[in-house]
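A.B. asks: One structure, pasted below without further comment.
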Amino acid sequence: MKTFKLSNEEKEYLLKSARQTLRDSFSFTSTESVVPTQYPELTSKCGAFVSLHLQKKLRGCIGTFSQDKPLYLQVREMAFSAAFSDPRFNSLREEELPMLQIEISVLTPLKKISGPSDIIPGKHGIYIRKGFYSGTYLPQVIKETGWSVDEFLGHCSAEKAGLGWDGWKTADLYTYEAIVFSEETFHN
């Protein structure tokens, strides 16, 4: 199986597309969403998260592990959802748009693991599932917080999955990797 990679041009295309989706939402228009033929990877079906940051603080983050639609459409949908459907935040206001930084995480398929020793900090994101409860943290969260692997699991279990600090110990655990890039990467 070949390794999935995105060129800088493809990453820039996705970031511009996410920003255009947000602009369109305020003007009540819709920009044509047909990926140029020179970017074949963008038609791959994979999960993605879009994180919005305002003054270096999280302003919205929504994603999906679903691999049911092409990446370029998945990113547009997740950008809109991050701006207007993240229950932790009020809907994005138009005046915030110029200051907003967009970050995209393109996800690899989930891989079931047996325990914490299978997690490589900074490389793996974690997905915890037990019954109807589930939660995830992207790979970059452990780097940003400085947590140990046990803290990573405990916080995800308690704060994201609603299973309590030790709930991960009796849940199904999965890892995944992400190709993470942001507007800040291309503008610095």
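A.B. asks: Can you give me the long-range amide H partners of Ile62? Hydrogens built in the peptide plane at 1.01 Å from N, cutoff under 5 Å, separation of 5 or more residues or another chain.
C.D. replies: Correct list: Val50, Ala82.
A.B. asks: Can you tell me the 0 to 90 degree angle between the C-alpha axis of helix 71-84 and the longest principal axis of the chain, rounded to 10?
C.D. replies: 80
A.B. asks: Counting heavy atoms of the protein chains only and a 1.4 Å probe, report the per residue accessible area for the chain as a whole number of Å².
C.D. replies: Accessible surface, normalised per residue, equals 54 Å².
A.B. asks: Starting from the Cα of Ser30, step 7 Å toward the Cβ, then list every residue of the range 66-85 with an amide N under 20 Å from that point.
C.D. replies: 68-85
A.B. asks: Additional query: Taking the Cα centre as origin and putting +1 on Lys and Arg beta-carbons and -1 on Asp and Glu beta-carbons, what dipole magnitude results for the range 29-188, to the nearest 20 debye?
C.D. replies: Here the range 29-188 has a charge dipole of around 360 debye.
A.B. asks: Expressed as a rounded percentage, what relative contact order does the range 29-119 have, with Cα pairs under 8 Å and six or more residues apart?
C.D. replies: Reported as a whole number, the value is 33 percent.
A.B. asks: List every residue whose amide H lies under 5 Å from the amide H of Tyr137, counting only residues 5 or more places away in sequence or on a different chain, with H placed 1.01 Å from N in the peptide plane.
C.D. replies: Here the answer is Ile126, since their amide H atoms fall under 5 Å of that of Tyr137.
A.B. asks: Could you derive backbone 3J(HN,Hα) for the range 95-106 from the dihedral phi with the Karplus parameters 6.51, -1.76 and 1.60 (θ = phi - 60°), listing whole Hz in sequence and x where the residue is Gly or Pro?
C.D. replies: Result, ordered by residue: 5, 7, 3, x, 8, 6, 10, 9, 10, 10, 10, 8 Hz.
A.B. asks: Residues with amide H under 5 Å of Ile113's amide H, sequence separation 5 or more or different chain, H placed in the peptide plane at 1.01 Å from N; which?
C.D. replies: Leu173, Tyr174, Thr175
A.B. asks: Apply the Karplus parameterisation 6.51 cos²θ - 1.76 cosθ + 1.60, with θ equal to phi minus 60°, to every residue of the range 173-178 and state each ³J(HN,Hα) to the nearest whole Hz, in sequence, with x for glycine and proline.
C.D. replies: With coefficients 6.51, -1.76 and 1.60, one gets 10, 9, 10, 7, 10, 9 Hz.
A.B. asks: Right, something else. Which ³J(HN,Hα) values in Hz, rounded to whole numbers, follow from the phi angles of the range 119-133 under the Karplus curve 6.51 cos²θ - 1.76 cosθ + 1.60, where θ = phi - 60° and Gly and Pro get x?
C.D. replies: Whole-Hz 3J(HN,Hα) from phi for the range 119-133: 9, 9, x, x, 9, 9, x, 10, 10, 10, 9, 8, x, 8, 9.
A.B. asks: Compute the signed sum of charges (Lys and Arg +1, Asp and Glu -1) over the other residues within less than 13 Å, Cβ to Cβ, of Ser25.
C.D. replies: 0
A.B. asks: I want to check the label-to-label distance for Trp165 and Glu41. Put each point 7 Å from Cα in the C-beta direction and report it in nm to one decimal.
C.D. replies: 4.1
A.B. asks: Same structure, new question: What Kirkwood hydrodynamic radius, in Å, does the range 64-145 give when the mean of 1/r is taken over all pairs of distinct Cα atoms and then inverted?
C.D. replies: After inverting the mean inverse Cα-Cα distance, the result is 15.1 Å.
A.B. asks: I'd like to compare 55-61, 106-112, 73-79: which one has the highest average count of other Cβ atoms within 10 Å, and what's the full order after that?
C.D. replies: Going by the mean number of other Cβ atoms within 10 Å, highest first, we get 73-79, 106-112, 55-61.
A.B. asks: While we're looking at this one, here's another question. How far, in degrees from 0 to 90, does helix 8-27 lean away from the longest principal axis of the Cα atoms of the chain, to the nearest 10?
C.D. replies: Once rounded, one gets 70 degrees.
A.B. asks: While we're on this one: Length gain on complete extension for the stretch Phe186 to Asp172, per 0.36 nm per residue less the alpha carbon to alpha carbon distance?
C.D. replies: Between Phe186 and Asp172, full extension yields 1.3 nm more.
A.B. asks: If the chain between Lys56 and Ser7 were fully stretched, how many nm would it gain, using 0.36 nm times the residue separation less the Cα-Cα distance?
C.D. replies: 15.1 nm
The values are calculated or read from the model by the stated rules, or taken from the named source; none is laboratory data. Given the structure is predicted, the values throughout are model-derived calculations rather than measurements. FYI the Cβ positions are ideal-geometry reconstructions off the backbone, even for glycines, and counts take in every protein chain you see. Please note that ligands, DNA and RNA were not included when accessible areas were found on the heavy atoms of the full protein model with its side chains. Shrake-Rupley method; radii C 1.70, N 1.55, O 1.52, S 1.80 Å.
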